[in-house]
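Heads up, the thing below is written out as structure tokens.
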4 protein chains.
Amino acid sequence: MEIGIIGATGYSGNVLYNLMKQHPQVTAINLYGHQQDSALRYLDEEVPAFQGERLPIRPFNPTKIMQENDCLFFATPAGVSKNLALPLIDANFPVIDLSGDFRLKDPADYLKWYQQPAAAKSQLAQAAYGLCEFNQQVTKSYIANPGCYATATLLGLAPLIIEHLVDLKSLIVDAKSGVSGAGKKLSSSSHFSFINENAWLYKLNQHKHIPEILQQMQLWDSQAQAIQFSTTLIPITRGIMATIYAQVKSGITPNDIETAYQKYYQTAPFVRWRGTELPMIKNVTGSNYCDLGYGYNPTTKMVTVVSVIDNLLKGAAGQAVQNFNLMWHFPETTGLPQLPTFP
Amino acid sequence: MEIGIIGATGYSGNVLYNLMKQHPQVTAINLYGHQQDSALRYLDEEVPAFQGERLPIRPFNPTKIMQENDCLFFATPAGVSKNLALPLIDANFPVIDLSGDFRLKDPADYLKWYQQPAAAKSQLAQAAYGLCEFNQQVTKSYIANPGCYATATLLGLAPLIIEHLVDLKSLIVDAKSGVSGAGKKLSSSSHFSFINENAWLYKLNQHKHIPEILQQMQLWDSQAQAIQFSTTLIPITRGIMATIYAQVKSGITPNDIETAYQKYYQTAPFVRWRGTELPMIKNVTGSNYCDLGYGYNPTTKMVTVVSVIDNLLKGAAGQAVQNFNLMWHFPETTGLPQLPTFP
Amino acid sequence: MEIGIIGATGYSGNVLYNLMKQHPQVTAINLYGHQQDSALRYLDEEVPAFQGERLPIRPFNPTKIMQENDCLFFATPAGVSKNLALPLIDANFPVIDLSGDFRLKDPADYLKWYQQPAAAKSQLAQAAYGLCEFNQQVTKSYIANPGCYATATLLGLAPLIIEHLVDLKSLIVDAKSGVSGAGKKLSSSSHFSFINENAWLYKLNQHKHIPEILQQMQLWDSQAQAIQFSTTLIPITRGIMATIYAQVKSGITPNDIETAYQKYYQTAPFVRWRGTELPMIKNVTGSNYCDLGYGYNPTTKMVTVVSVIDNLLKGAAGQAVQNFNLMWHFPETTGLPQLPTFP
Amino acid sequence: MEIGIIGATGYSGNVLYNLMKQHPQVTAINLYGHQQDSALRYLDEEVPAFQGERLPIRPFNPTKIMQENDCLFFATPAGVSKNLALPLIDANFPVIDLSGDFRLKDPADYLKWYQQPAAAKSQLAQAAYGLCEFNQQVTKSYIANPGCYATATLLGLAPLIIEHLVDLKSLIVDAKSGVSGAGKKLSSSSHFSFINENAWLYKLNQHKHIPEILQQMQLWDSQAQAIQFSTTLIPITRGIMATIYAQVKSGITPNDIETAYQKYYQTAPFVRWRGTELPMIKNVTGSNYCDLGYGYNPTTKMVTVVSVIDNLLKGAAGQAVQNFNLMWHFPETTGLPQLPTFP
């Protein structure tokens, strides 16, 4: 198979390229830019770490892209694929989109959280939200790959919500993220002297992954209406930890909780349930794993679930490959690292 | 005045020595070890950063200490002062104790959380819990300086609790701390290769600062019975951020919250209320400030308060100096840095 | 005394403001911008860490500045003071300039290394190069405060050069620096995800502090003609380590080296000679110290000297205060921290 | 093939296990401890990042090991394999030893630098020093895998030495290393609060990789007698940068230098020559690459070569796999990552 990548020079794109390069089912990778008339560049010029990868980044041309490839990945910022992908959607061409453009079903949600108009509702309807563990049967040709915070949070929440174990109104997510989550773009908060030796709660109930979390929660339990969600930047490059707090419903025991997580993840190759051993970011860095652990407080009847992922793997490019595998009926783990890069 | 320090070679002791060295009311600092018969060492041998400070660290001898000093600081691990301080308590000699030994009034609490027997109840009763902003009138000669997590948490909680603005049962504290909080002692979790590029929720409802938080909360509102409290280690040397979540009571508005914080902290020289601008650790590092900010979620009726301190200053040695100033009726800010060491 | 600062919102300016705020001889600090007509801003708006410092940053007006202040500090990027300072130079008004504009005596050097025209030679002649330990008698009203790399390197080199202990042609300096040295400006190399977990030799014999190092070396030994000088960025915020390698001259012993360093620095309050104990950055961070240590290799006859400073203190604002003290005949240590902020 | 690993719970062992797990020629990995009678442990108990790898770590038994495996790796500290490996050497069993025990040919060198007796000279003689790019034809069954500093330094030096381009007496290596190089063992210098925001030249001409560097240099040019070699610890987990300074011989031009590096590395799959673009650590992290770049100073006639590797890959486990591939005549790149894990 040949695959195309738009946006291979960004962080998610770097990781996606790296994974695809080693994917046993992929014979060639073709790279494209966002614009039709940009000057020709080469991957190794833009990403010196990839010296030797003298691959051209060619102008965007949907007709050629569909001729040259079997599947296309968008590793682009918000606002790109909603314009560029339309001919591919019309042609039912296989696309895996790492951006947020096709995650939300309701255009009004996109407008509110992304502050720009969404694609048309009919086009949005053609995309599937690719949270792999809960979207194993791929029936659509367009996969909206979930956001990094959303992935960590939803995998942590799923058994609690689906099995109605907790009071929905009590849900609080305190998420911590490394700096690569914001991409390569320069900003005052990505300056080393700013974030080194620092921690900063930069978005309180304002992160744009909130609506996709809620949308998925509502599929699991239509009573879900809101979530308390804060994001704190910490001085690491890669990794997300979502700490989830919830009041358990009357009569629910720790055993019920353990059982629920085992039920949903026992056969999931990329979710490691650690029980009462609380997971840490470094144990998943470099892998596609989501590690989950929990604690129960008998005094407050509160459950705390900790969910960690590598934001550029399970939170972006890794899950994209997993979606690619599901789409093409390859074994789910094909081309993905088997172990984290510890230490 | 002459002051003595026991434990100047630990991290809190380093900072305390540094502050006292520049305190305008202190003419001499005398250093002592924990043991009566340890070999003579010198401060600059033990702490190379302090080259030139050729001060002997002499054996512990309570009689001599009381003769030589006007006030004694314990900057020692748990379990030291509960034994060594007894003759000083009997003599009503001024002591500021940075350890946890005299913070809890109930010996059973100490036994449970510190897993060793406490000092006698009568001796514990002679110590005041020195949360400066709420203990401005020093009436006791023995000050139990609060723990670092407890300081950040209690200063963040106080107006909410005292003014009954929130549902006590809904309280959740998600605290993040740098590595110096665990001291100089080697452990697998303080290894650079472990905690660098990592985050680890190391204690869920098990940190020993929980009982002193609860004890103080109960003084403010006798209904307080429990708190959900998690501590996450992040890869920074200094700093604590306590993120506090609580359900506001029916009828309480954001304006009520703002008013309450202003009421308690308007004249407090070391608490900076930032309103809806959420504070970050680096803005207090190197200072004795506690910065506080908040956000209110009208959908979930939840308030989030963020409290940040430098764990070795406001969370240890800085607050100890502040207590010293209050005890001796010096202006509260004497000898303390006026600004953080930004950047 | 009242002092003025131009550029208090940059990193060096932040630290300078912090120091001056606590300087016992300074009664007021006035802040100015670079431009005559900029809108009024306030310090605490620009530097949130300094909340509460509601000081206006007023437009630049040399006449008013000379009326309102006794001394002016430029904490500005290259290219500012060479224009703005001219009326102050003409008036012989006391200035301490942290930028590179008046460090080089030869306008051609400035043109070559800064790639813009220098001030006039006659104006350059009115500035003294303020390497404090070697410029104790301040006879000029304009002090060009040395660069950070230059300070670390020159203090490490001085005894070797002045006492002719080493072969000048063999000199190699391998300097390592933290990220704050490049200031607050955003650039791809100050992005956290770039420099975290990285080290990058960014300038090989191309750093603009080279000409001021050479100029000073030539004052010490007119034979000095060149220096091999590399600068490596490492993932820390503050600190410089200059590792100096040189072939010792025939007949010179380690004892001669020790004696030379003691001769020049025994009474210097801010240079700590550590002999064969090699110094580290963290032992000077937060202080105005330069720590020096050395090793001698009897096989290769090579001496290695390690020199460390806090780039924002001894390498910028701290040395500026030291120059201020020397200029006004205050004790050299006035208003400067006595100890590093360890840990 | 089945392979055995002794020491899979250390950092190099972790990475080796991870690589071997994905090596297409390896069907099974067997783990062993250092001792004959240690209690049975499991890999995922010792290394939580490897949860799910429920592999027993069995007692050391050379007879069984030779029966069960085709090749054995020692990823052990100094002093282990010199005792344990003897029966395997006698049996001519294939071994790749990541420790320093069999790198030095002269037992007196080992005694001096490792401060313990070496294996017998005759046994040492049976080991080949496995610097892959210069040991492509594996003729011995025992490979002494080079040290991390030695690999970075020797690959950077080789063309200069072999082609006699530089004055051997002028050679200086200023090497910087991350903390994982010292392994998992706790020590005051691996404490996060010590090395974070710090840099420390910890060994000046005293690192135990010096004798293997010299030994190899002497094979290339018998005139080589000494090297100036310093090692500075910097706050990163993985990576080494060796900055090499040397006086070029009269008549040698930059072009000669470029030509020499191209000659030796043009076909080397894991050495990337970057010419005058100076390499940085992050561009090789996670890969088996050694990136090399240089600069020439026409004034001082000095060449500076910068060599960077991931200390746990090219400096340990990666090179071990490369040696394994060479030994068994697999393509040299088999089972090794094709690209660094950027960012």
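How high is the relative contact order of region A:2-125? Use alpha-carbon pairs under 8 Å, at least six apart in sequence, and give a whole percent. Write down the numbers at each step before the final one.
Details: 202 pairs, mean separation 27.9, N = 124.
It rounds to 23 percent for region A:2-125.
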(message) Give the lysines reachable from D:LYS249 as a straight Cα distance under 18 Å; neighbours fewer than 8 places away on the same chain don't count.
(response) C:LYS169, D:LYS169, D:LYS301
(message) If you restrict to DSSP beta bridges whose two residues both lie in chain C, what percentage is antiparallel, to the nearest 5?
(response) 50
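May I ask for the Rg/Rh ratio of region D:253-339, computed from Cα atoms with Rh as the Kirkwood radius, given to two decimals?
Details: Rg = 14.5 Å, Rh = 13.9 Å.
Taking Rg over the Kirkwood Rh, I get 1.04.
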(message) If you take the accessible area of D alone plus A alone and subtract the pair, what total do you get in square angstrom, rounded to 100, with a 1.4 Å probe?
(response) 2700
(request) Please turn the phi angles of region D:231-243 into ³J(HN,Hα) values with the Karplus equation 6.51 cos²θ - 1.76 cosθ + 1.60 (θ = phi - 60°), one per residue in order, whole Hz, x for glycine and proline. (result) 10, 10, 7, 10, x, 9, 7, 10, x, 9, 10, 10, 9
(request) Would you mind computing, in nm to one decimal, how far apart the modelled labels at C:THR333 and B:LYS249 are, each placed 7 Å from Cα along Cα→Cβ? (result) 5.5
(request) List, in the order given, every pair from B:LYS282/C:LYS64; B:LYS185/D:LYS208; C:LYS184/C:LYS282; D:LYS185/D:LYS282; A:LYS203/D:LYS184; B:LYS176/D:LYS184 whose Cα-Cα distance in the structure shown is over 30 Å. (result) B:LYS282/C:LYS64; A:LYS203/D:LYS184
(message) Which residues, if any, in region B:236-259 lose at least 50 square angstrom of accessible heavy-atom surface (probe 1.4 Å) when the other protein chains sit next to their chain rather than the chain being alone?
(response) B:ILE236, B:THR237, B:ARG238, B:TYR245
(message) Give me a comma-separated list of calculated 3J(HN,Hα) values for region B:316-324, in order, Karplus coefficients 6.51, -1.76, 1.60 applied at θ = phi - 60°, integers in Hz, x for any Gly or Pro.
(response) 7, 5, x, 5, 5, 5, 4, 5, 4
(message) Counting just the Cα atoms, what span does chain A cover along each of its three principal axes? Round to the nearest Å and put the largest first.
(response) 63, 45, 38
(message) Once the label point is set 7 Å along the Cα-to-beta-carbon vector, what list of distances in nm do you get between A:ILE162 and its counterparts in the other copies?
(response) 4.9, 5.8, 7.6
(request) Find every distance from the label point of A:ASP221 to the corresponding label point in the other copies (7 Å from Cα along Cα→Cβ) and write them in nm, one decimal, shortest first. (result) 2.6, 7.3, 7.7
(request) Can you work out the PRE-style zone for B:MET1? Point 7 Å along Cα to Cβ, and I want the residues of region B:283-327 with backbone N under 20 Å. (result) B:288-289, B:313-327
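Leaving out ligands and nucleic acids, note down the accessible area per residue over the protein assembly as shown with a 1.4 angstrom probe, in whole Å².
On a per-residue basis, the protein assembly as shown sits at 33 Å².
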(request) Determine by what factor the alpha-carbon radius of gyration of region C:228-301 differs from 2.2 N^0.38 Å, reporting the quotient. (result) 1.24
(message) Can you give me the C-alpha center-to-center distance between region B:144-185 and region C:277-322, rounded to a whole angstrom?
(response) 39
(request) Give me the distance between the Cα centres of region C:46-114 and region D:1-51, rounded to whole Å. (result) 62
(request) Please work out the FRET efficiency for the pair B:LYS21 and C:THR27, using the Cβ-Cβ distance as r and a Förster radius of 35 Å; give the result to the nearest 0.05. (result) 0.90
(message) Rg and Dmax in Å for region B:147-237, alpha carbons only: what are they?
(response) 14.7, 45
(request) Quick one: compute the contact order of region C:149-311, relative version, from alpha carbon pairs under 8 angstrom and 6+ residues apart, as a percent. (result) 30
(message) List the residues, sorted by chain then number, that are 5 or more residues from B:LYS105 or on another chain and whose placed amide H is less than 5 Å from its amide H.
(response) none
(request) Heavy atoms only, probe 1.4 Å: what % of the accessible area of chain C goes to carbon and sulfur, would you let me know? (result) 50
(message) In 10 Å bins starting at zero, report the fraction of Cα pairs in region C:185-267 per bin as a rounded %.
(response) 13, 33, 31, 18, 6, 0
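Using a Förster radius of 35 Å, what is the FRET efficiency between C:GLN137 and C:GLU68 based on their Cβ-Cβ separation? Nearest 0.05, please. Can you show the working numbers first?
Details: r = 28 Å, r/R0 = 0.80.
Approximately 0.80, to the nearest 0.05.
Within 10 Å of each Cβ in peptide C:9-18, how many partner chain Cβ atoms are there on average? Round it to a whole number, please. Kindly include the intermediate steps, with their values, before the conclusion.
Working: counts 0, 1, 3, 1, 0, 5, 4, 0, 2, 8.
Taking the mean over all residues of the peptide, I get 2.
Provide a whole-number value for the mean count of partner chain Cβ atoms within 10 Å of the Cβ atoms in peptide C:276-284.
6
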(request) Work out from phi, with θ = phi - 60° and the Karplus expression 6.51 cos²θ - 1.76 cosθ + 1.60, the ³J(HN,Hα) of each residue of region B:65-75, listed in order in whole Hz, and give x for Gly and Pro. (result) 4, 5, 5, 7, 10, 9, 7, 10, 10, 9, 10
(request) Excluding residues fewer than 8 places away in the same chain, name every one of the aspartates and glutamates whose C-alpha is closer than 19 Å to that of B:LYS112. (result) B:ASP101, B:GLU212
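Give me the percent relative contact order of chain B, please, defined on Cα pairs under 8 angstrom at least 6 residues apart. Don't skip to the answer; put the middle values down first.
On the way: 739 pairs, mean separation 58.8, N = 343.
Reported as a whole number, the value is 17 percent.
Across every pair of different alpha-carbon atoms, what Kirkwood hydrodynamic radius in Å does region B:32-97 reach? Write down the numbers at each step before the final one.
On the way: mean 1/r = 0.0780 Å⁻¹.
Answer for region B:32-97: a Kirkwood hydrodynamic radius of 12.8 Å.
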(request) Would you mind counting up the charge near C:HIS164? Only other residues with Cβ under 10 Å from its Cβ, with Lys and Arg at +1 and Asp and Glu at -1. (result) -2
(request) Can you tell me the equivalent ellipsoid semi-axes for the protein assembly as shown? Use √(5λ) from the Cα gyration tensor, largest first, whole Å. (result) 45, 44, 34
(request) Report, by chain and number, residues whose modeled amide H sits under 5 Å from the one on D:ASN30, excluding near sequence neighbours (fewer than 5 apart, same chain). (result) D:ILE3, D:GLY4, D:ILE5
(message) Can you list residues from other chains, or at least 5 along the same chain, whose modelled amide H is less than 5 Å from the amide H of D:LYS203?
(response) D:THR231
(message) Antiparallel versus total DSSP beta bridges in region C:264-323: what percent is that, nearest 5?
(response) 75
(request) Within region C:44-66, which residues have the backbone N less than 18 Å from the label spot 7 Å out from A:SER188 along Cα→beta-carbon, could you tell me? (result) C:44-58
(message) As a test, work out the antiparallel percent of DSSP beta bridges whose residues both lie in the protein assembly as shown, rounded to the nearest 5.
(response) 50
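Once you have the alpha carbon radius of gyration of region D:149-311, what is it after dividing by 2.2 N^0.38 Å, with N set to its residue count?
Numbers: Rg = 15.8 Å, N = 163, 2.2 N^0.38 = 15.2 Å.
With N residues counted in region D:149-311, Rg over 2.2 N^0.38 Å equals 1.03.
Counting helices only, and only those DSSP H runs with n ≥ 4, report the 222 nm mean residue ellipticity of chain C as the sum of -39,500 (n - 2.57) divided by its residues, in deg cm²/dmol to the nearest 500.
Details: 12 runs with 95 residues, N = 343.
Result for chain C, helices only: -7500 deg cm²/dmol.
At a Förster radius of 45 Å, what calculated FRET efficiency corresponds to the Cβ-Cβ distance of C:SER122 and B:THR267, to the nearest 0.05?
0.20
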(message) Run the label-point distances for C:GLU277 please: 7 Å along Cα to Cβ, every other copy, nanometres, shortest first.
(response) 4.2, 4.3, 4.5
(request) Please state, as a whole number in µm²/s, the translational diffusion coefficient that the Stokes-Einstein equation yields for region B:2-125 at 25 °C and 0.890 mPa s, with Rh defined as the Kirkwood radius across alpha carbon pairs. (result) 163
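The values are calculated or read from the model by the stated rules, or taken from the named source; none is laboratory data. The structure presented is a predicted model; accordingly, all values stated were derived computationally and were not measured. A quick note on method: Cβ atoms are made from the backbone with ideal geometry, for glycine too, and the neighbour counts reach across all protein chains shown. Heavy atoms of the whole protein, side chains included, go into the accessibility calculation; ligands, DNA and RNA do not. Shrake-Rupley method; radii C 1.70, N 1.55, O 1.52, S 1.80 Å.
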